[in-house]
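Here the structure is laid out as structure tokens; the discussion comes afterwards.
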Amino acid sequence: QVQLVESGGGSVQAGGSLRLSCAASGRTFSSYMGWFRQAPGKERQFVAVISWSGGSTSYADSVKGRFTISRDNAKNTVYLQMNSLKPEDTAVYYCTARSYSSGSYSSPTSYDYWGQGTQVTVSS
């Protein structure tokens with residue numbers, strides 16, 4: 001089992017920045033880790049994913065150029081640096097890890113473990 005705990009959410013004005021962190025514990029080997037988000041009344045949406053080495057990343061078009069995902073395996077932590085935030089980025093952000101599942105990295109069904117989520121609110 002892998003436990004994931006997110007932190008770093010909050011409220012910010014449009015154009016501002018936030019950095020989310022996700023600390024992993026337990027059986028922490030995970031091939032890929034990622035971030036999804038879910039706004040009220042909407043489906044969970046892919047944001048970004050990073051490989052174990054950190055050498056491979058992928059982003060949703062809506063955040064490309066503004067968000068950066070990174071990881072520190074020595075600390076079992078993955079980060080999401082969010083810059084130039086927009087009101088449409090408002091959502092609960094979830095950290096996720098994939099150890100044994102397969103499938104598209106942009107599908108939430110392709111991940112095995114989830115954090116509890118952290119709220120990000122961007123005001124205009």
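The values are calculated or read from the model by the stated rules, or taken from the named source; none is laboratory data. Model, not experiment: these values are computed from the prediction. Methodologically, a virtual Cβ is constructed for each residue, glycine included, from the backbone with ideal geometry; neighbour enumeration extends over all protein chains shown. Note: areas computed on protein heavy atoms with side chains; ligands, DNA, RNA excluded. Shrake-Rupley method; radii C 1.70, N 1.55, O 1.52, S 1.80 Å.
Key figures
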{"item": "Overall form of the range 20-75 per C-alpha gyration tensor (a/c, 1.5; a/b vs b/c)", "result": "oblate"}
{"item": "HN-Hα J in Hz across the range 97-107 - Karplus 6.51, -1.76, 1.60, θ = phi - 60°, x for Gly and Pro", "result": "9, 10, 10, 10, 6, 9, x, 5, 5, 8, 9"}
{"item": "Given charges at beta-carbon only (K, R positive; D, E negative), |dipole| of the chain in Debye", "result": "120"}
{"item": "Listed residue (120, 24, 14) projecting farthest to the positive dipole end of the chain, Cβ model", "result": "24"}
{"item": "Residue 106 versus residue 42: modelled label distance in nm, points set 7 Å from Cα along the beta carbon direction", "result": "1.5"}
{"item": "Summed residue charge, Cβ within 14 Å of residue 33's Cβ, Lys/Arg positive, Asp/Glu negative", "result": "+1"}
{"item": "Accessible carbon and sulfur surface of the chain relative to its total accessible area, %, 1.4 Å", "result": "47"}
{"item": "Residue 70-residue 123 FRET efficiency (beta carbon distance; Förster radius 25 Å; 0.05 resolution)", "result": "0.40"}
{"item": "Solvent-accessible area per residue for the range 39-116 (1.4 angstrom probe, square angstrom)", "result": "51"}
